[in-house]
Amino acid sequence: VVYVVDSAGAMLPEDAYARVKALKGALAKAKVGFHAHNNLGLAIGNTLAALAAGADWVDGTLRGYGAGAGNAPTEVLAAVLDKAGLNPGLDVFKLLDAAEYVMGPILHFQPYPDRDSIAIGYAGVYSTFLLHAKRIGKELGVDPLEILLELGRRQAVAGQEDWILRVALELKEREAGALAG
């Protein structure tokens with residue numbers, strides 16, 4: 001299985017559709033999967049778009065448990081698929097019970113799109129950048145959201161956390177130059 005993974009939760013439904021469709025076309029014999037994050041509130045919509053494009057596998061987690069604003073909630077996905085006549089055999093009510101009575105007591109928070117996760121999705125950067133951007137932003141007096149947006153413009157990907165300090169320093173210099181000029 002080859003996966004399209006929206007780790008930043010930045011895709012729009014048309015992006016999910018296009019990427020899955022492209023993989024299905026290029027790898028005709030391969031199974032294609034899709035993994036969504038809900039940072040922009042689009043995990044379910046993107047998963048539906050991926051299925052419409054021919055995805056063979058899609059991911060979900062009970063109560064959307066996952067990084068940022070979480071993943072596509074399995075119980076919601078099951079209900080939507082059932083309502084759309086696309087249920088692959090999931091028991092919607094058992095999943096609702098599992099989400100409520102198994103995951104509910106375990107999770108001390110409900111993942112949802114908050115300021116931080118929306119910023120990650122909007123910037124299109126991986127969630128591990130957030131804590132670094134906040135720490136460095138605080139140390140240098142630079143807005144962490146500006147750091148994330150600039151990292152997104154530069155198309156930074158996971159593993160490039162060393163860029164965060166460089167970007168923050170450049171933003172601070174740019175701000176100082178604007179104030180002096």
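The values are calculated or read from the model by the stated rules, or taken from the named source; none is laboratory data. Remember, predicted model here, so these are calculated numbers, not experimental data. Positions of Cβ are generated from backbone atoms using ideal geometry, with glycine treated the same way; all protein chains shown enter the neighbour counts.
Below, the figures for the structure above:
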{"read-out": "Filter pass, Gly121 being surrounded by fewer than 19 Cβ atoms within 10 Å (Cβ to Cβ) and either not assigned by TED's automatic domain parsing to the domain that holds Met11 or not basic (Lys, Arg) (or both)", "value": "no"}
{"read-out": "Unique residue being of a type outside the set (Ser, Thr, Tyr) and touching a residue at least 60 places away in the same chain (Cβ under 8 Å) when the list is Ala67, Ala50, Ala72", "value": "Ala67"}
{"read-out": "Condition broken by Val157, with the remaining ones in (1) farther than 23 Å from Leu40 by Cα; (2) surrounded by fewer than 19 Cβ atoms within 10 Å (Cβ to Cβ); (3) among the aliphatic types (A, V, I, L, M) satisfied", "value": "(1)"}
{"read-out": "Test for Ala79: is it surrounded by 21 or more Cβ atoms within 10 Å (Cβ to Cβ) and of a type in the set (Gly, Ala, Ser)", "value": "no"}
{"read-out": "Options Ala99, Ala10, Ala72, Ala36: the member that is buried (at least 19 other Cβ atoms within 10 Å of the Cβ), in contact with an Asp or Glu (Cβ under 6 Å, 6 or more places away or on another chain) and under 30 Å from Asp143 (Cα atoms)", "value": "Ala36"}
{"read-out": "Residue among Glu175, Glu139 that alone is surrounded by fewer than 19 Cβ atoms within 10 Å (Cβ to Cβ), in a helix (DSSP H, G or I), at pLDDT below 95 and over 22 Å from the mean Cα position of the chain (by Cα)", "value": "Glu175"}
{"read-out": "Single match in Tyr112, Tyr122, Tyr101 (criterion: of a type outside the set (S, T, N, Q), at pLDDT 95 or above and in contact with a Gly (Cβ under 8 Å, 6 or more places away or on another chain))", "value": "Tyr122"}
{"read-out": "Leu86 vs. criteria closer than 24 Å to Val5 by Cβ, assigned by TED's automatic domain parsing to the domain that holds Leu40 and surrounded by fewer than 16 Cβ atoms within 10 Å (Cβ to Cβ)", "value": "yes"}
{"read-out": "Unique match (being in a helix (DSSP H, G or I), surrounded by 14 or more Cβ atoms within 10 Å (Cβ to Cβ), assigned by TED's automatic domain parsing to the domain that holds Leu171 and out of contact with any Leu (no Cβ under 7 Å at 6 or more places or on another chain)) among Leu145, Leu131", "value": "Leu145"}
{"read-out": "Tyr101 being under 27 Å from Phe129 (Cβ atoms) and among the aromatic types (Phe, Trp, Tyr)", "value": "no"}
